[in-house]
Amino acid sequence: MITRNFSWAEMQASATARRKGFDNTIPASLRPNMINLCTNVLQPIRDAYGKPIIVGSGYRCPKLNKAVGGVSNSQHMTASAADIHSLSDRLSDNRELWDIIITLANAGRIHCRQIIWEYGTLTGPDWIHIAINDAIHSHRENQILTIER
Ligand SMILES: [Zn+2]
């Protein structure tokens, strides 16, 4: 486990990587990023939310990122981002998770680089991309974005 509720296995899991035979193990040099993300952002969110959080995509090796159409500078490749959603994956439940994240960020209890509402509708996002600052991406404080279809 990385923290009480987040494991290395779920941060490296990918059906696409398995199908294509990619080794999606997080390199040792990038593990501190994932530990930072889980310890200082995801676990505090989980504790405030009080319910399971599903990780749809954590780390992506460069080949996996390309295979899933990720942007070329994706923070998934530096193990400093995760796409998360609620257990039910209903938009309204994802919205509840979003609201908790924004509340924590506004209260200064978590420090992110980006928090992105990904697709969905006005009811809620399909998933939430959450990323921390790392050594190779420009530093930001809680940049909140919405990506629409
Ligand atoms: Zn993402």
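Against the condition more than 25 Å from Thr25 (Cα to Cα) and within 15 Å of the ligand (Cβ to nearest atom), how does Asn94 come out, does it pass? Spell out how you get there, then give the answer.
Working: more than 25 Å from Thr25 (Cα to Cα): yes; within 15 Å of the ligand (Cβ to nearest atom): yes.
Taking the combined requirement at face value, the residue satisfies it.
If you take the residues in region 69-86 that are in contact with a strand residue (DSSP E or B) (Cβ under 6 Å, 6 or more places away or on another chain) and hydrophobic (A, V, I, L, M, F, W, C), which one is nearest to the ligand (Cβ to nearest atom)?
Across region 69-86, the extreme among qualifying residues is Ala81.
List the pairs whose first member sits in region 126-149 and is farther than 26 Å from Leu91 by Cβ and in contact (Cβ under 8 Å) with a residue 40 or more places away in the chain, whose second member is of a type in the set (Lys, Arg) and surrounded by 11 or more Cβ atoms within 10 Å (Cβ to Cβ), and whose Cβ atoms are under 6 Å apart, counting only residues at least 6 apart or on separate chains?
Asn133/Arg113
Could you list, in sequence order, all residues of region 101-149 that are crowded, with 17+ Cβ neighbours inside 10 Å, outside any loop (DSSP other than H, G, I, E, B) and hydrophobic (A, V, I, L, M, F, W, C)?
Matches in region 101-149: Ile101, Leu104, Ala105, Ile115, Ile116, Trp117, Trp127, Ile128, Ile130, Ala131.
Among the candidates Asn40, Asn65, which residue alone is of a type in the set (S, T, N, Q), within 16 Å of the ligand (Cβ to nearest atom) and either modelled with pLDDT under 95 or touching a His at 6+ places or on another chain (Cβ under 8 Å) (or both)?
Exactly one residue qualifies, and that residue is Asn65.
Rundown of residues vs (1) free of Cβ contacts under 8 Å to residues at least 12 places away in the same chain; (2) within 28 Å of Arg19 (Cα to Cα); (3) within 11 Å of the chain's Cα centre (by Cα), yes/no style:
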residue	(1), (2), (3)
Gly50	yes, no, no
Tyr59	no, yes, yes
Lys63	no, yes, no
Val68	no, yes, no
Asn73	no, yes, no
Met77	no, yes, no
Ser88	yes, yes, no
Asp93	no, no, no
Ile110	no, no, no
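If the requirement is being closer than 24 Å to Arg19 by Cα and of a type in the set (A, V, I, L, M, F, W, C), which of these qualifies: Ile54, Ile147?
Ile54
The values are calculated or read from the model by the stated rules, or taken from the named source; none is laboratory data. Remember, it's a predicted structure, so these values are computed and weren't measured experimentally. Backbone-built Cβ (ideal geometry, glycine too); neighbour counts: all protein chains shown.
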